[in-house]
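One structure is given below, encoded as structure tokens.
The values are calculated or read from the model by the stated rules, or taken from the named source; none is laboratory data. Since the model is a prediction, treat every value here as computed from it, not as a measurement. Cβ atoms come from the backbone with ideal geometry, glycine included; neighbour counts cover every protein chain shown.
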Amino acid sequence: MKILVTGGAGFIGSHTVVELHEAGFEPVILDNLYNSNREVLNGIKGITGKDFPFYEIDCNDIEKVRAVFEKEKFDGVIHFAAYKAVGESVEKPLNYYENNIISLLVLLKVMKEYNVDKFVFSSSCTVYGQPDALPVTESTPRKPANSPYGNTKAIAEDIIRDHVHSAPGIKAISLRYFNPIGAHKTSLIGELPNGVPSNLVPFITQTAAGLRKSLTVFGSDYDTADGTCVRDFIHVVDLAKAHLKALQLLDAQTEKNYYDVFNVGTGQGYTVLELINTFEKVSGEKLNYSIGPRREGDVEKIYAQSDKVNSVMKWTAEKTMADALLDAWNWQLKITPKK
Ligand code: WQD
């Protein structure tokens, strides 16, 4: 199956391209390199030995997207391409709504024009807001997201659901990610945020590598075991593999207007301090950090109940948080210029 991977040069996208290839799929990468660079394509080639077709295109440009569909006969689409920084979305909501929603509409329209019927969407646990009960299941009611970023994911899910029900020719799955961390075991691809990382783990590895002075832990007065936030940290390679399972489920699906959502997490919550302690153990580095004020928009604690993805897709996280932190550290050591 030939699969269009939008955002395929990004963190989760690049790891998914590798796993698609290794499972016998034919990935095609479409990315505007807004939050990535061509070096990632070399990393993918280093792992797979392949130069996959790459289109440096913005998903909002319907004419250019159409031209790609004209040229490549796709069997399915995995849509990662979106702005994803929670804090930035609070500062620039219109950019987030425009980019994340328009790109989705463009893809769904062009897929319909070219009769491409399998769609996997990159959603997020942020659609749950701060859940009343934990772990969250897919029937946990969605709450107003704490950020415009999270809201674009919730709106996108509604658009996909309504489109699938109106246009029975398409089958779709939304995967609600928890916190993707780690890197490929070869250290040829990993998380490479442009500028100052907003996510926890790249900030930790850059601090340990001496690129940042110190990590600030955003709040230690939450109602948790040690006062810091709880998250469900999932290895990016495990997450990538969940996308293959989703495609296979869609391919086998006979229901014409099938749409469903799945939590993709480990089912285990850890605090920020527990993650830091684990990082220090696996890396042998003493991390320089201090406790600061809470970050606006942060959810206190969230982690997944992943029974549904386990049973329906036969997918379970195989790697631990320690595995992911060691892979992230090895990746950081690979990309950090030697002093
Ligand atoms: C995790 C925890 C912070 C940085 C968001 C999106 C989610 C996904 C991942 C895309 C929080 C704390 C962080 C720092 C800290 N996005 N932290 N110091 O906000 O849980 O999730 O990014 O895939 O959809 O919502 O991730 O890594 O920013 O924060 O203490 O310098 O680490 O307060 O408790 P988050 P994060």
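Miscellaneous remarks
- First in segment 253-268 and part of a loop (DSSP other than H, G, I, E, B), second anywhere and hydroxyl-bearing (S, T, Y), Cβ under 8 Å, 6 or more apart: G265/Y177; G265/Y303; G265/S306; T266/Y303; T266/S306; G267/Y303; G267/S306; Q268/Y303
- Number of the exception - C59 against (1) part of a loop (DSSP other than H, G, I, E, B); (2) within 14 Å of L247 (Cβ to Cβ): (2)
- Unique residue being surrounded by fewer than 23 Cβ atoms within 10 Å (Cβ to Cβ) and in the same structural domain as A133 (by TED's automatic domain parsing) when the list is L244, L192: L244
- Looking only at residues of segment 55-75 that are in contact with a strand residue (DSSP E or B) (Cβ under 6 Å, 6 or more places away or on another chain) and under 12 Å from V106 (Cβ atoms), we find that the one that is surrounded by the most Cβ atoms within 10 Å (Cβ to Cβ) is C59.
Here's the yes/no breakdown for (1) modelled with pLDDT under 95; (2) within 20 Å of the chain's Cα centre (by Cα):
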residue: H243; (1), (2): no, yes
residue: K256; (1), (2): yes, no
residue: G265; (1), (2): no, yes
residue: L273; (1), (2): no, no
residue: T278; (1), (2): no, no
residue: K281; (1), (2): no, no
residue: S290; (1), (2): no, no
residue: G297; (1), (2): yes, yes
residue: Q305; (1), (2): no, yes
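- Of all residues in segment 133-171 being hydrophobic (A, V, I, L, M, F, W, C), more than 13 Å from L108 (Cα to Cα) and out of contact with any Phe, Trp or Tyr (no Cβ under 7 Å at 6 or more places or on another chain), the one that is surrounded by the most Cβ atoms within 10 Å (Cβ to Cβ): A145
- Scan of segment 274-289 for residues that are in a loop (DSSP other than H, G, I, E, B) and surrounded by fewer than 15 Cβ atoms within 10 Å (Cβ to Cβ), ordered by number: G284, K286, N288
- The residues of segment 248-289 that are more than 24 Å from L325 (Cβ to Cβ), of a type in the set (A, V, I, L, M) and in contact with a helix residue (DSSP H, G or I) (Cβ under 8 Å, 6 or more places away or on another chain), listed by number, are L249, V261.
- Hey, L250 near the ligand (Cβ under 10 Å from one of its atoms) and surrounded by 19 or more Cβ atoms within 10 Å (Cβ to Cβ) or not: no
- Residue identified as in contact (Cβ under 8 Å) with a residue 24 or more places away in the chain, under 24 Å from G87 (Cα atoms) and of a type in the set (A, V, I, L, M) among L275, L250, L244: L275
- With a requirement of 2 or more residues that are more than 29 Å from T254 (Cβ to Cβ), within 14 Å of the ligand (Cβ to nearest atom) and not aromatic (F, W, Y), the strands (runs of 3 or more DSSP E) lying completely within segment 119-235 that satisfy it span 179-181, 215-218, 233-235.
- Criterion (free of Cβ contacts under 8 Å to residues at least 12 places away in the same chain and part of a loop (DSSP other than H, G, I, E, B)) met by exactly one of G8, G24: G24
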